[in-house]
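Working notes for the structure below.
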Amino acid sequence: MYKSKIIFLIYALIGIFALAGCSAEKESNGKLKIVATTTMLYDLGLNIGGNHVEVKALMSPGIDPHLFKASAGDVNLMQEADIVIYNGLHLEGKMADVFEALSKGGHSVICIEDGIDSSKLLTSEDEGSVYDPHIWFDVDLWKDAAKHVAGELSKIDEKNAGDYEKNLESYLKKLDALDAYIKERTSEIGEEQRVLVTAHDAFRYFARAYGYEVKGLQGISTEAEAGTADVKSLADFIYERKIKAVFVESSVPAKTIEALKAAVDSRGFVTEIGGELYSDSLGDEKSGTETYILTFRANIDTIVNALK
């Protein structure tokens with residue numbers, strides 16, 4: 001009953017704003033207003049949209065999209081945008097009703113999931129065979145996401161389709177260079193050392209693409225907390241494999257990894273906390289990791305430096 005009331009209020013709020021006038025008309029400065037849910041999609045929108053768009057991120061650096069709940073102000077922001085870009089694959093699970101309402105209300109909504117071939121997606125049998133949403137950790141999949149955004153923007157804003165295509169071509173070259181850098185750095189460590197232990201299971205696409213084994217204390221969503229049995233099992237694994245380092249994540253509290261380290265140390269083998277990885281959010285300008293490319297480069301540097 002409570003959920004039904006919330007859904008009704010979301011639809012009602014969007015309907016009220018729609019009556020005030022909703023369209024994909026550009027701002028007075030001639031730019032399309034885009035709202036992207038995550039920092040990754042904010043950066044993607046900027047790279048593909050270029051000078052023709054103004055992009056706002058619904059979530060700021062360090063925010064966990066698995067747990068994010070849209071406020072009335074957030075719904076208002078999306079309603080007033082010309083285009084909303086979201087990941088899908090249940091990453092923004094608590095906002096599914098909002099996206100559905102926006103779409104049914106005639107708003108331009110770009111879902112990245114729609115641009116990814118389902119045969120390329122990973123699933124988690126432990127979590128009801130749901131798709132893993134962390135597609136940005138495979139650069140090839142992120143290239144597919146970029147192509148999808150470029151294609152959708154070209155449909156919405158046909159006049160500038162040529163520019164979106166040029167921006168896409170330029171960005172794909174940068175992503176190719178990033179992919180080469182990740183592979184080059186990975187080659188610095190032996191295959192037996194390529195074991196990545198993190199706070200939650202966000203790096204399986206990374207593992208598949210670049211030849212790593214990954215273990216996460218929590219599942220693909222951070223909604224389910226790790227228990228004592230999870231910590232014990234993973235601590236045994238680290239002790240047996242003599243893994244040199246484990247990693248905290250910028251959008252997940254460090255306490256679970258700290259507890260894991262303590263459990264491993266108590267077994268007589270010292271594993272280090274190898275550093276902080278960016279998982280469900282980019283970094284910020286202060287850290288020099290405010291773009292997808294800079295964030296991924298920082299991640300691979302942190303991983304390789306700690307494990308080799």
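Select from segment 235-270 the residues that are of a type in the set (Ser, Thr, Tyr) and touching a residue at least 60 places away in the same chain (Cβ under 8 Å) and write down the one among them that is farthest from Asp64 (Cα to Cα).
Our first condition is that a residue be of a type in the set (Ser, Thr, Tyr); within segment 235-270, this holds for 239, 250-251, 256, 266.
Subsequent filtering for residues that are touching a residue at least 60 places away in the same chain (Cβ under 8 Å) retains 250-251.
On the way: Ser250: 9, Ser251: 5 Å.
Ranking the candidates gives Ser250 first.
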Practice task
Name the one entry in Lys174, Lys183, Lys215 that is under 19 Å from Tyr278 (Cα atoms) and at pLDDT 95 or above.
Solution key: Lys183
Practice task
Name every residue in segment 39-70 that is free of Cβ contacts under 8 Å to residues at least 40 places away in the same chain, assigned to a loop (DSSP other than H, G, I, E, B) and touching a strand residue (DSSP E or B) at 6+ places or on another chain (Cβ under 9 Å), in order of residue number.
Solution key: Leu58
Problem - Given (1) within 15 Å of Leu41 (Cβ to Cβ); (2) within 17 Å of the chain's Cα centre (by Cα), number of the condition Ser108 does not satisfy - result: (2)
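Looking at segment 117-146 only, could you name the residues that are touching a strand residue (DSSP E or B) at 6+ places or on another chain (Cβ under 9 Å) and free of Cβ contacts under 8 Å to residues at least 40 places away in the same chain? Outline the logic, then answer.
Pass one, segment 117-146, residues touching a strand residue (DSSP E or B) at 6+ places or on another chain (Cβ under 9 Å): 118, 121-124, 129-132.
Within segment 117-146, Ser118, Leu121, Thr123, Ser129 meet the criteria.
Under 16 Å from Thr302 (Cα atoms) and either loosely packed, with under 15 Cβ neighbours inside 10 Å or modelled with pLDDT under 90 (or both): is that true of Ser250 in this structure? Working first, answer last.
Values: under 16 Å from Thr302 (Cα atoms): yes; either loosely packed, with under 15 Cβ neighbours inside 10 Å or modelled with pLDDT under 90 (or both): yes.
Taking the combined requirement at face value, the residue satisfies it.
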Fill in the blank from the handout: Listed by range, helices (runs of 4 or more DSSP H) wholly within segment 145-254 having at least 3 residues that are of a type in the set (Val, Ile, Thr) are 228-241
Exercise for the section: Test Val84 against the criterion of being in contact with a helix residue (DSSP H, G or I) (Cβ under 8 Å, 6 or more places away or on another chain), among the β-branched types (Val, Ile, Thr) and not assigned by TED's automatic domain parsing to the domain that holds Phe206, and give yes or no. Expected result: yes
Practice task
Kindly check whether there is at least one residue in segment 45-62 that is surrounded by 24 or more Cβ atoms within 10 Å (Cβ to Cβ) and within 16 Å of Asp114 (Cβ to Cβ).
Solution key: yes
Completion exercise
The one condition Ala263 fails out of (1) assigned to a helix (DSSP H, G or I); (2) at pLDDT below 90; (3) surrounded by 14 or more Cβ atoms within 10 Å (Cβ to Cβ) is (2)
Practice task
Considering only segment 92-105, state which residues are within 21 Å of Ala145 (Cβ to Cβ) and touching a residue at least 60 places away in the same chain (Cβ under 8 Å).
Solution key: Gly93, Val98, Leu102
Practice task
Name the one entry in Gly227, Gly283, Gly275 that is over 30 Å from Ala36 (Cα atoms) and small (Gly, Ala, Ser).
Solution key: Gly227
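The values are calculated or read from the model by the stated rules, or taken from the named source; none is laboratory data. No experiment lies behind these values; they were computed from the predicted model shown. Neighbour counts are summed over all protein chains in view; Cβ atoms, including those assigned to glycine, are modelled from backbone coordinates with ideal geometry.
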